[in-house]
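Undergrad: Provided herewith is a single structure, encoded as structure tokens, for subsequent inquiry.
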Amino acid sequence: VLGSFTVPASGGAESEGRLAIGGSFLPARGFSVGISGGGTFVVGPQTGFNNLIVRNLATGTNSPYVGTVATLGTTVTGLVRIGGASSGITYDMGVLSDNVGMTPADLGIDFDALFAVLQAKSTCWSELAATGTLVDEVNLGNGWVLIGDDTSALQVFDLGPNDLNVSNQELNFRDIPAGATVLVNVGGASPVVGMARINADVTGSPTLFNVLFNLHEATAASIPTEVNGSVLVPSGSLTLGGSLNGRLLVGGDVDFSGSG
């Protein structure tokens with residue numbers, strides 16, 4: 001996250017993977033980082049790696065649990081690195097280093113360079129020709145369906161800002177070759193990805209590991225429901241209202257307002 005990451009008192013519970021924040025970390029509740037409270041596919045912390053990196057300030061209430069795992073008789077403790085000050089937070093299960101400085105050398109990550117690359121990639125991907133279409137098959141009992149060409153290793157879909165704003169319907173896939181990557185370009189300044197369920201899972205085709213939603217024009221995006229797949233918002237903010245099973249890359253602020 002290039003901007004700040006806010007978790008309201010009624011907001012989300014955890015980031016099962018590592019979390020890097022280019023602005024400030026602002027949790028108003030207990031929030032776990034780098035450890036799973038009930039999900040799957042999470043690689044635990046490794047010796048010497050930071051589970052939580054914050055470039056500016058970490059200010060909040062309650063205790064974030066920064067992943068610590070014991071495996072094969074060895075305990076590996078999650079590390080926390082804060083460029084500025086940390087206040088109001090107790091890092092249970094984590095080792096805190098704060099006031100370390102805000103340069104890439106201080107933090108071990110160059111946020112600005114990383115997002116410059118991601119912004120360029122997002123633009124490039126948004127210009128690829130579509131290989132499939134979105135079809136309304138609600139009357140057939142199939143929900144909405146992204147139908148591919150059943151051939152290409154890269155399946156590309158080009159959608160408008162509200163094409164996936166259908167909160168009472170599932171999003172399904174058809175004619176996606178095994179192992180193919182699914183790129184869903186969603187245009188518009190205020191896109192909403194709000195399907196009741198996105199049926200990419202850990203088996204079948206596509207898997208959630210192979211799906212990317214590229215919100216390439218977004219200045220203020222919204223995901224009010226659960227997403228299976230990764231999300232890239234290269235230059236805007238995101239309000240996250242449910243669980244996201246995938247990687248999340250946001251070039252603005254994130255408000256993790258929902259559960260999950």
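The values are calculated or read from the model by the stated rules, or taken from the named source; none is laboratory data. All figures in this text were calculated on a predicted structure; none of them were measured in a lab. Neighbour counts run over all protein chains shown; Cβ positions are idealised from the backbone, glycine included. The accessibility values were calculated without ligands, DNA or RNA, using every heavy atom of the protein model including side chains. Shrake-Rupley method; radii C 1.70, N 1.55, O 1.52, S 1.80 Å.
Matching residues to (1) hydroxyl-bearing (Ser, Thr, Tyr); (2) modelled with pLDDT of 95 or more; (3) within 15 Å of ALA20 (Cβ to Cβ):
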position	(1), (2), (3)
VAL66	no, no, yes
LEU72	no, no, no
LEU96	no, no, no
VAL100	no, yes, yes
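Undergrad: Can you name the number of the only condition in (1) touching a Leu at 6+ places or on another chain (Cβ under 7 Å); (2) assigned to a strand (DSSP E or B) that GLY258 fails?
TA: (2)
Undergrad: Still on this model: Quick one: count up the residues across the range 216-260 that are touching a residue at least 40 places away in the same chain (Cβ under 8 Å), in contact with a helix residue (DSSP H, G or I) (Cβ under 8 Å, 6 or more places away or on another chain) and not hydroxyl-bearing (Ser, Thr, Tyr).
TA: Summing the residues that are touching a residue at least 40 places away in the same chain (Cβ under 8 Å), in contact with a helix residue (DSSP H, G or I) (Cβ under 8 Å, 6 or more places away or on another chain) and not hydroxyl-bearing (Ser, Thr, Tyr) in the range 216-260 gives 8.
Undergrad: Got a number for residues in the range 202-238 being over 18 Å from ALA116 (Cα atoms) and in contact with a Pro (Cβ under 8 Å, 6 or more places away or on another chain)?
TA: Adding up the residues that qualify gives 3.
Undergrad: Then there's this: Consider LEU244 carefully, then state whether it is surrounded by fewer than 22 Cβ atoms within 10 Å (Cβ to Cβ) and under 21 Å from LEU114 (Cβ atoms).
TA: Details: surrounded by fewer than 22 Cβ atoms within 10 Å (Cβ to Cβ): no; under 21 Å from LEU114 (Cβ atoms): yes.
Answer is no for this residue.
Undergrad: If you don't mind, there's one more thing I want to ask. Does ASP106 fit the bill of being over 30 Å from LEU154 (Cα atoms) and not in a helix (DSSP H, G or I)?
TA: no
Undergrad: Enumerate the strands (runs of 3 or more DSSP E) found wholly within the range 120-219, keeping only those where 3 or more residues are closer than 15 Å to LEU232 by Cβ and open to solvent by less than 50 Å² (accessible area, probe 1.4 Å). Break it down into steps so the answer makes sense when it comes.
TA: Details: elements: 133-137, 143-147, 154-159, 170-174, 181-186, 211-214.
The qualifying strands (runs of 3 or more DSSP E) are 154-159, 181-186, 211-214.
Undergrad: Now for a separate question. Is it true that some residue in the range 237-258 is touching a Gly at 6+ places or on another chain (Cβ under 9 Å), of a type in the set (Phe, Trp, Tyr) and under 24 Å from PHE31 (Cα atoms)?
TA: Scanning the range 237-258 turns up at least one residue that is touching a Gly at 6+ places or on another chain (Cβ under 9 Å), of a type in the set (Phe, Trp, Tyr) and under 24 Å from PHE31 (Cα atoms).
Undergrad: Taking the criterion of being closer than 23 Å to ALA113 by Cα, in a strand (DSSP E or B), modelled with pLDDT of 95 or more and open to solvent by 40 Å² or more (accessible area, probe 1.4 Å), would at least one residue in the range 39-53 satisfy it?
TA: No, the range 39-53 contains no residue that is closer than 23 Å to ALA113 by Cα, in a strand (DSSP E or B), modelled with pLDDT of 95 or more and open to solvent by 40 Å² or more (accessible area, probe 1.4 Å).
Undergrad: Could you please tell me which pairs satisfy a Cβ distance under 7 Å, a separation of 6+ or placement on different chains, a first residue in the range 118-135 that is in contact (Cβ under 8 Å) with a residue 60 or more places away in the chain, and a second residue that is surrounded by 15 or more Cβ atoms within 10 Å (Cβ to Cβ) and hydrophobic (A, V, I, L, M, F, W, C)?
TA: Going by the 7 Å Cβ cut-off, the qualifying pairs are LEU118/LEU232; LEU118/LEU249; SER122/LEU232; TRP125/LEU183.
Undergrad: Condition check: without any contact (Cβ under 8 Å) to a residue 60 or more places away in the chain and more than 21 Å from VAL33 (Cβ to Cβ). Does VAL166 satisfy that? Outline the logic, then answer.
TA: Values: without any contact (Cβ under 8 Å) to a residue 60 or more places away in the chain: yes; more than 21 Å from VAL33 (Cβ to Cβ): yes.
So VAL166 passes the test.
Undergrad: Conditions: (1) at pLDDT below 90; (2) open to solvent by less than 40 Å² (accessible area, probe 1.4 Å); (3) of a type in the set (Ser, Thr, Tyr). THR77 meets all but one. Number of the miss?
TA: Single failed check for THR77: (2).
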